[in-house]
Amino acid sequence: MILGIKTGPKNFAEGQAVVTDAGARMAEVWFDVTKAFEYNDMLEWLTKYNVAIGLHHWGIVDKNIKPNLATQDEHVRNETISQIKQTIDIGASIGCAYVNAHPGAEALETIDFANWKQEMMPGKDTPREISQKLFLDAARELEDYAKSKNVLLTIESITARESRINHDRFDIYDSRNISLENLELAAKQGAWFANDISHTATRILVEEKDANIAWQRVMDFSARMAPRTRLIHMNVITPPYNGTDSHDGITDADFTQDTFPNKQQVVEFLRLFKNRGDVFVVNEPKGDVLGNFTALQALAREL
């Protein structure tokens, strides 16, 4: 496994410290492709320090619409495909480790990055079967494009529910994000998978209240997807298990809480990939990038 950190404009100083002080040699960058020029200095600095770079595509359509590969709104879907291709092009130009993207949802959503507010757009839903086909077609097109550019593209598991305001986990909605089943279908047709383990868990925890059965289902899915998995976002979640993510970390302090998965289960999950030199593993904690990176290193040593 290749261990790294997650960084972006808001916490790049902390990311730099982990590189210089803890020797991190891989970083996933929260990358708003609509403002790509603002990342030049960040990418140059990481390159200078010989840090492998992953680009996590983010963006916005028409000033306030969340990108979406699974909507029947052709303008939004085509613009999303175009943005991800642009991210792939930038990734190719810097020799990136990978580009990661979200798959989308049946509903269209507005999003405000500055205040982190999002909401469903009334009357803009796509029927499930149509949404599935559009997503799988887009995933195939993007995989072919990434391959032509010699770039690894991963598509990430996302949460079962969304928070409206600044990750308020009690003010939520169901945009019917692309399911784990559809991500598995995309993998079968050639897509590479990014297993955000807490996102994956949210999908199962809204269906299964028995934590032990839920964890076994998470592991069964993760084991099936392991051959197509190239990226892991290693976070844990705390209650409520209502389909949202809390982005808790993997330090010993985090594990004093009621986390899912617990520390033993995190090790069990990582063991699926212990001999995989082609899998990237990064944290996305709410804070303490350094503490979580060193905790990740310690967990990897336990394997």
Can you quote the Å³ per residue value for the convex hull of the Cα atoms in the range 60-182, rounded to an integer?
-> 110 Å³
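Can you sort 85, 6 from fewest to most other Cβ atoms within 10 Å of each residue's own Cβ? Mind showing how you got there, number by number?
Working: 85 19, 6 23.
Neighbour counts put them in this order, fewest first: 85, 6.
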Summed over the other residues with a beta carbon less than 14 angstrom from that of residue 128, with K and R at +1 and D and E at -1, the charge totals -3
Alpha-carbon centroid distance for the pair the range 269-303 / the range 76-122, whole angstrom | 25 Å
Count the net charge of all other residues whose Cβ sits under 11 Å from the Cβ of residue 203, scoring Lys and Arg as +1 and Asp and Glu as -1.
-> -3
Any idea which of 18, 59, 285 is furthest toward the positive side of the dipole for the chain, if Lys and Arg beta-carbons carry +1 and Asp and Glu beta-carbons -1?
-> 18
If the limit is 31 Å between Cα atoms, which of 85/263; 48/263; 66/149 go over it?
-> 85/263; 48/263
Counted charge near residue 299, where neighbours are those whose Cβ lies closer than 13 Å (Asp, Glu -1; Lys, Arg +1) | 0
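Can you tell me the mean projection area, over all orientations, of the convex hull of the chain's alpha carbons? Units nm², please.
Values: hull surface 56.6 nm².
Value for the chain: 14.1 nm².
Which value results when the Cα radius of gyration for the range 179-303 is divided by 2.2 N^0.38 Å?
1.00
Every read-out reported here was derived from the displayed coordinates using simple, explicitly stated rules and does not represent laboratory data. Everything quoted here is computed from the prediction, not taken from an experiment. Note that we place each Cβ from the backbone using ideal geometry, even for glycine, and neighbour counts take in every protein chain shown.
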